Structure formats: structure tokens, C-alpha cells
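See below for the structure under consideration.
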Amino acid sequence: LYDIRQSLEDAKRGKILRPLECNRIAKQGRGVKGVQSYMKAAETETPYLDDLCFAFQDVGGLCKEIERCINENDEVMDRASAQLASLRKSIRLCEGDITKEVQRFIASNSSKLMDTITTTRNHRVCVLVKASEKNSVRGFVHGESASGQTTYIEPEGLLALNNKLTSLKGREQDEMERILGELSHLIQQNAVALESNQETFALLDAYFAKAEYAKMMGACMAQIEGNGDHLYLKEARHPLLDPKHAVANTYEIKAPYRSLLITGSNTGGKTVTLKTIGLAACLAQSALPILAQEAILPLFSDIFADIGDDQSIQESLSTFSSHVSKLSYILNHATAASLVLLDELGSGTDPREGESLAVAILDELQNAHAFVLATTHFSALKNYAKKQSDVLVSGVEFDVEAMKPTYRYLEGISGASNAFAIARRYEMKESVLAKAEEIKQAQRTQQDTLMEKLEQELHQAMQERDRLQEQLAQVEQLKCELQIQKERGQREQEKQLKALKEEYRNHVEEMLQSGEAIIQELKALDHEVKPHVVEEIAYRFHSLQEETKPKESTPLQELAIGDRVAIAGMNAQGEIIEMHKNKVIVSINGVRMNTKRSELSLVSKPSKQKKSKEKGYGVQRSTTHFSMELNVIGMQVAEAILVIDKYLDNAILARLSTVRIIHGNGTGALRKGVQQYLKRDPKVEEYRLGGQGEGGSGATVVTLKKRGKAHG
């Protein structure tokens, strides 16, 4: 997208726009469609942005016309008009005639030429003739080379052709100007819609820029309370400070407080606190993100600030005078909807008078119910504020041992100025500092002493709270790490169980394949085979079926190392290798498995199956309670085939002609495997998917052959 406002102004004044300008206007039209498609596809609900997108004006017809006439290289195309296409065709033919004439001339006058190439002079095709031969060539001279050895001559045979080409190109240029004039007139007619779209794009660009800034800086949008008295900034930072080194602080002023008095040492961050809160208020009311995790701010009608030193020789203003002039203006204009920021209130004059003036100013602003944030070093102002129910006294921390500020904001604790400590850091004489300490102690009242002691104890309590919170965070982190390790161990155990189950499943598949081979062997038997052979094969088949079933287990009585046990919920057996109270370690195919005693059971020895006294398949021939349908849902294909084969044998013995096999839909693999088996089973006459009331595609209806035919 481009700023097309100047092009629109030119179009409205009747100026013909260039192809580049027309193309940029067309790109804006394509941008409208692109933004609307983007917002439509977005998953986030954005009602306000949707309103903006709805406000876009449709200029699709204009864009299509521009794109029809001008290509992406900002060139007017042949299809822009029939006249332009005809002229350009004539130009190409004329250029071809010129090329032929030049080749003919060069072939007949090659000895008179410096080179066999041509050049263009004054938009006309010329040949390079030797200076000594220029009088022997009939034509128009267009100049000489810098060396004087070459003369540029337009041969007589090219004069008419060049004239024709020049005329055609002039007409081409006129036609292109006519086309651009029509496009410019069309743009003029759509100028209001295009300007409206430009403004909408500017708004969207600003909103997305704010969002990108908030994302990059970890900022948030403030919640504005129109008539609120709650100011809250969680983990706020000044946007101009390096985020890697800036100390984030949480500030909150809410009822009953309307004022905040910040105390503490020099260079401790008092002024930065004022600027951070004031700038946050300005950003919030400008709809810009605030560098904080969460922000709640009142809606201020005015933001007044007296920060810094504005002394001026020209205006005859001292430091104190500059402060007083600002304070006078603030007191005359501050209201209940004002935010007032005062740095070093009452400084720059006699301390006693300054203290008194500061108390009076703060009292006047309280009467106006303004939001006030002030910094001070005056003890009298601190004592006054502590007696007021609507003034919150806080401080900034100073590390006395390290002799440097921590820039941490301490809510509810007034900070000491630490003037002596800072002076000692800069190597002031100890005798001077000792004398100052004596004077300070002599001037202190008992109330000051008790207040300082109370604040020290409160500060120590807050430090202890911070230490405990830090330890709690470490414990939580350790807890998370232990949970991760536990989950990792569980995943590893599940992985081993999965491997064991897969190994067991593969073993079962192999056994079932062997069973299938036995079935095929049974089916291939000749009628004249001896009965005991049939019984022997049937016995092998039933033994194999029994082997693939989970082994029966007896209730757990006593366990000992070396016992073979089954684990509840698993089709697997193992040997006990270790025992520890209620915990037992079982080796399953070389894999150690931790389990409980209650989940184990001793495995009984498999009992030999009695041979069937009946000839054939050894199946029960009673049909008293034989079911007309078989459910194999959840079985593997190979397992289902074994069950189906036996079921069909029994169905034939029961003299049934039609049965139904229920396999479900699922992935379709079981249905496909069942039907492939039915297709080659000699017992099956035909099969089909179930109809309405028969299970649909989740079941297969099988028509069986008659008994003699099936086994013949």
C-alpha cells in the first residue's frame, strides 16, 4: 500500500496521472480485498475492526479498468484500446522495414562503414560511416564521434521510413495520453471513496502497529475507568529504559487514598516512578499500550507535572521561582479529574518555609480531590501525610550495605534519605559525618525515633516475606521438576508395556496363522481319510486355540522368588526376581516391571484338552440355542477369521441357510478382511452387506451352501 493522497489531489485538479500512480491506486483496491479476506479468516473476534473493514468503499470496477490498461511494470498495454494495438502493430512492421533497409545498405556499402552495427541519433536510425567516405554516402548527417573518425549518417533510403516511424510513435504517445486521461478522470470520479479507504488503511495500520509494539515489548492495553478512583499498574516499566535492566514495580492507589507521597534516597528512583505513572496515564488516554502486565487507570481531564529545574536567566527565574510559577498554575486549574505530578515538593528554598509551603500545597490539592503523586525529603511533610487518611506514604529502597539503590518501590513504607550513607560513599570526612549525626539526634523527637524503629521492623518483615516467597517459588519449581520426572518415568513404563503387548500380539498373530494352516489342512482332507487322522488334526487346532487364550490363574496365596505369575490387566506372564514388602519386581522377557502384590496371581499349569470323541471338527452339534448372528467387533482380522470359520461350521451343522456377521464400520479393515475370507470359503454360497434393519455396512449377511455341497 502507498500514500496516494497527492495523486488523488492531482486527479481532482484535472492532471493526467502517470502509469505508476494509477498502478498504486489499483493496488489499494486489491489491498481492500486482501484485508477483508484476512479479517474474515481470522479466528479472533474483532467487532471494532470488522466495522472498519465494513466501511471500505468498493472501487473494484476502477481497479479492474486500471489493471486492464496498465501492467505490473507500469506500461500501457496493447489491449488498452484498439487504436493503440493497431499503432503498435504498424510500428513493429515499420521497424522491420527499417531493419531490412539497413541490412541492404550495409551489404552494398560495407567498405565505407566503420562497423556493421547501427545507432540511434535524435530518435532516428543511423549507420557508422568512415569520415573519409562521408561525402560518398547520400543521406542526412547527424554528427560525428568524439575522435572524428566516424560520421553518423541517416542513409537516403531510411529517411522516409524513419519519418514514418517517428510519426507512428508520436501517435502512439498521444493515444497513451488519451488512455491515461480517461483513467485519471475515472480516478477523479472515485476520489472520495479512495480517500476514505486511505484513511481506513491508516487507522488499521496504526492499530496493528500498536499491537505489534505491545507484543514486542510485553505491554498491555489499560482498562480505563471513566469516574474511577483506582490506579493500578502491575509490574510496570518506563518504556525508555532498557528492558533487560529496568526494575519492574507494581503501583496501586485506591480508596480511601487519593494521593501518593514517595520518599527515599537520592538516585533511588522517586522521579522515575513519577514519570512512569504519568507516562502510563498519557499512553492509556492516547490508546497506546503500557509496559505492564495489567493496568487500570482513571480517565483524567488534565495531567499536570512539575518535574525538573526550569531556571532561566532571561526570564529572571531561579530554581524555586520556576517551581512556584508552575505550582501556582496547577493550584488554579487542578480538579477532581486531574493527575498532578510534583517532584521534590517545597525544595529550593529555606527548609522550614519549604516544608510549610509543601504541606499547604498538598492540603489544597487534597481539598480539590485531585490525584496527586509527589516526592519529598521533608520529615514534616512525611509526618503530615501519615496523619491523613487519604494519603499513601511509600518509599524506594536503598541497599545500605552495597551503598546503591535497588530501584524497588516499597508500598506503605517511607524511605530514609540516606544522606549520610551517600556522603560516606563519596569519602566525605568522617568527622563531618559524626558531627552531622549528633545534630540530627539532638533534633529528633521521641515520635521520630519510634516511627523510624517501626518502619525498620516493617521493612525487615517485608524482606522476610520476599525471602519466603522466593523460597516458595523454588519449592514450586522443584515440584514441577519432580512432576516432569514422574511423568517421564510413567511414559517410559508405558513404552515398555506397549512393547510387551506388541510382542505378545505378534506371538498371537503367528499362532493364529499356524491355526489357519491347520484349518486349510482340515479342509483339504479327503473323505476317505481315516477318522483318527481327522481327530488328531482337530485336536491340534483346539490346542492351538487354547494356547492363544489368556492363561487361567489361581488366586494369590503366597509368592516367592522364581514363581511364574500373571499381571492383572496384561496378557503377559513373568517370573518374580525381587520382593520388597508390597512391591514386587517381575521379569517379562528380560524387561523389569515394578508392580504390587495384589496385581499378581500364580499361573496354573495348562491342562491338556481331551480329544473329541466326535469325528470331523470336534464341535458341538446341538442346535437348540444356536444364534443367527455372530459379533466380531473389536477383534483382529486373524482372530475373527478363526471364530467365523468355527461359527459357519456349526451353522451348517445346525442346518441354517442364512446368518449375519456383525463387524462394525470402524476403519473398514475388519469388514474387508472378513469379506475376503468369505469370498474364498467353500461353505459360503454368497454374501452381501446388511440392508435396512440388518445393520447396514456394519454387518455382512452370509448365505451358506447346503451341508453336502459345502463339505463335498
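Summing Lys, Arg as +1 and Asp, Glu as -1, what charge do residues with Cβ under 12 Å from the Cβ of L299 carry, L299 excluded? Each step should come with its number before you reach the end.
Numbers: positive: none; negative: E225, D229, D302.
Result for the local shell: -3.
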Additional length obtainable on full extension of the chain from Q469 to E72, 0.36 nm per residue less Cα span: 136.6 nm
Interchain or long-range residues, amide H under 5 Å from E294's placed H: K234
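Anything over 24 Å Cα to Cα? Flag those among K501/K583; K254/K387; K100/K164; K112/K169, in the order listed.
In this structure, K112/K169 lie more than 24 Å apart at Cα.
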For region 207-291, convex hull volume per residue from C-alpha positions, Å³: 97 Å³
Under the Karplus curve 6.51 cos²θ - 1.76 cosθ + 1.60, θ = phi - 60°, whole-Hz ³J(HN,Hα) for region 155-161, x wherever Gly or Pro sits: x, 4, x, 9, 4, 5, 5
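Sort Y152, Y48 by accessible area with a 1.4 Å probe, largest first.
Working: Y152 30, Y48 185 Å².
Of Y152, Y48, the descending order of accessible area is Y48, Y152.
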Length released on extending from A436 to D363, taking residue separation times 0.36 nm less the Cα-Cα span: 23.1 nm
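Compute the Kirkwood hydrodynamic radius of region 65-159, taking the inverse of the mean of 1/r over all pairs of distinct Cα atoms, and give it in Å to one decimal. Walk me through the numbers on the way to the answer.
Numbers: mean 1/r = 0.0653 Å⁻¹.
After inverting the pairwise mean of 1/r, the radius is 15.3 Å.
Which whole number in µm²/s is D for region 123-271 by Stokes-Einstein, with the Kirkwood Rh taken over Cα pairs at 37 °C and 0.692 mPa s?
Values: Rh = 24.8 Å.
Answer from the Stokes-Einstein relation: 133 µm²/s.
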Separation between Cα centres of region 660-710 and region 241-293, rounded to whole Å: 78 Å
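Considering only the other residues whose Cβ falls under 13 Å of the Cβ of L559, what net charge follows from Lys and Arg at +1 and Asp and Glu at -1?
Details: positive: R564, K581, K583, K596, R597; negative: E558, D563, E575, E578, E599.
Here the count lands on 0.
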Environment charge of G148, counting only residues whose C-beta is closer than 13 Å and scoring Lys/Arg +1, Asp/Glu -1: +1
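Counting only protein heavy atoms, what percent of the accessible surface of region 182-334 is carbon or sulfur at a 1.4 Å probe?
Values: 4260 of 7880 Å².
The computed percentage sits at 54.
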Theoretical FRET efficiency, 1/(1+(r/R0)^6), r = Cβ-Cβ of E694 and E510, R0 41 Å, to 0.05: 0.70
Cα-only radius of gyration and Dmax that characterise region 267-399, units Å: 15.2, 45
Projected label distance in nm at R564 and D205, using a 7 Å step from Cα toward the beta-carbon: 8.1 nm
Whole-percent carbon and sulfur share, accessible surface of region 19-58, 1.4 Å: 55 percent
Rounded accessible area per residue of region 86-173, 1.4 Å, Å²: 59 Å²
Simple spin-label estimate for A85 and E411 in nanometres, 7 Å along Cα-Cβ: 7.6 nm
Placed amide H near V684: partners under 5 Å, 5+ positions off or other chain: K705
Estimated distance in nm for a label pair at S627 and E476, the labels positioned 7 Å out from Cα along Cα-to-Cβ: 5.6 nm
Chain lengthening between Q485 and M216 when straightened (0.36 nm per residue, less Cα-Cα): 93.5 nm
Using θ = phi - 60° and Karplus 6.51 cos²θ - 1.76 cosθ + 1.60, couplings along region 248-253 (whole Hz; Gly, Pro as x): 7, 10, 10, 10, 8, 10
Förster radius 30 Å - calculated FRET efficiency between A193 and S167, Cβ distance, rounded to 0.05: 0.15
Accessible surface ranking that places the most exposed of F208, F300 first, with a 1.4 angstrom probe: F208, F300
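For an R0 of 25 angstrom, estimate the FRET efficiency from the Cβ-Cβ distance between T119 and A160 and round to the nearest 0.05. Write down the numbers at each step before the final one.
Working: r = 19 Å, r/R0 = 0.77.
The calculated FRET efficiency here is 0.80.
For region 319-379, what's the relative contact order in percent, using C-alpha pairs closer than 8 Å and at least 6 residues apart? Each step should come with its number before you reach the end.
Values: 60 pairs, mean separation 27.4, N = 61.
Dividing the mean separation by the residue count of region 319-379 yields 45 percent.
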Amide H contacts of E629 (H built 1.01 Å from N, under 5 Å, at least 5 apart or other chain): R660
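The values are calculated or read from the model by the stated rules, or taken from the named source; none is laboratory data. Because the structure is predicted, anything quoted here is derived from the model rather than measured. No Cβ is skipped: glycine too gets one built from the backbone with ideal geometry, and neighbour counts run over all protein chains shown. Please note that ligands, DNA and RNA were not included when accessible areas were found on the heavy atoms of the full protein model with its side chains. Shrake-Rupley method; radii C 1.70, N 1.55, O 1.52, S 1.80 Å.
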